[in-house]
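The values are calculated or read from the model by the stated rules, or taken from the named source; none is laboratory data. Please read all numbers here as calculations on a predicted model, not as lab measurements. Every residue, glycine among them, receives a Cβ derived from its backbone with ideal geometry; neighbour counts consider all protein chains shown. We work out accessible area using only protein heavy atoms, side chains counted, and drop any ligands, DNA or RNA first. Shrake-Rupley method; radii C 1.70, N 1.55, O 1.52, S 1.80 Å.
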Amino acid sequence: GGVGELSNFILGAVFVFTAGLIYKKAHNKKGAVTGAVIGAILMAMVSLFTNYYVIYPIYTVFMPMEAIIGAYKAILPMVENLWQCLLIFNVPFTFIKGMLSVGITLLIYKPLSPVLKGRV
């Protein structure tokens, strides 16, 4: 229904904006890594709020909140509410996803740099 795509766009924008802003101030490898890591952290933090206040309320149009929380409870029975579900599952997942993006970027940037800078 486009909900996941909306979430991915919002969080991707947070990641890229943060990383780009820091890299613009410190235009070197350390600045790029610092910006990307801070971008991953902010992306994870923002995901808690965007999921809680925007994304999951939209999901409830398709599925009742009890069913959503029930799916989380099937994995970890101690969770009681959406906030806990997001904090325990979604925030760490989003951070790991961001850090994987950092790692992949570090691996492929150097070989792609001439292409990106138009020197091919």
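Please work out which residue is nearest to LEU100 (Cα to Cα), limiting yourself to region 4-39 and to residues that are in contact with a Phe, Trp or Tyr (Cβ under 6 Å, 6 or more places away or on another chain) and open to solvent by less than 20 Å² (accessible area, probe 1.4 Å). Give the derivation first.
Of the residues in region 4-39, the ones in contact with a Phe, Trp or Tyr (Cβ under 6 Å, 6 or more places away or on another chain) are 31-32, 35, 39.
Pick out the ones that are also open to solvent by less than 20 Å² (accessible area, probe 1.4 Å) and you get 31, 35, 39.
Details: GLY31: 18, GLY35: 14, GLY39: 12 Å.
Per the stated criteria, the residue is GLY39.
Taking region 40-84 as the range and being more than 23 Å from the chain's Cα centre (by Cα) and open to solvent by less than 70 Å² (accessible area, probe 1.4 Å) as the test, the residues that pass are ALA67, GLY70.
Kindly establish whether LYS25 is touching a helix residue (DSSP H, G or I) at 6+ places or on another chain (Cβ under 9 Å) and at pLDDT below 95. Spell out how you get there, then give the answer.
On the way: touching a helix residue (DSSP H, G or I) at 6+ places or on another chain (Cβ under 9 Å): yes; at pLDDT below 95: yes.
Criteria met by LYS25.
Restricting the first member to region 1-14 and to residues that are of a type in the set (S, T, N, Q), and the second to residues that are open to solvent by less than 40 Å² (accessible area, probe 1.4 Å), the beta-carbon pairs closer than 7 Å and six or more apart or on different chains are SER7/THR50; SER7/ASN51; SER7/ILE55. Among the conditions (1) out of contact with any Ser or Thr (no Cβ under 6 Å at 6 or more places or on another chain); (2) at pLDDT 95 or above; (3) not small (Gly, Ala, Ser), LEU42 misses just one, which is (1). Taking region 24-120 and the helices (runs of 4 or more DSSP H) fully enclosed by it, the elements with 1 or more residues that are charged (D, E, K, R) and out of contact with any Leu (no Cβ under 7 Å at 6 or more places or on another chain) are at 29-50, 65-75, 91-116. The requirement of being of a type in the set (Asp, Glu) and in contact with a helix residue (DSSP H, G or I) (Cβ under 9 Å, 6 or more places away or on another chain) is not satisfied by GLU5. Considered as a group, the residues in region 95-120 that are under 19 Å from THR34 (Cβ atoms) and open to solvent by less than 70 Å² (accessible area, probe 1.4 Å) include one that is nearest to the chain's Cα centre (by Cα), and that residue is GLY98.
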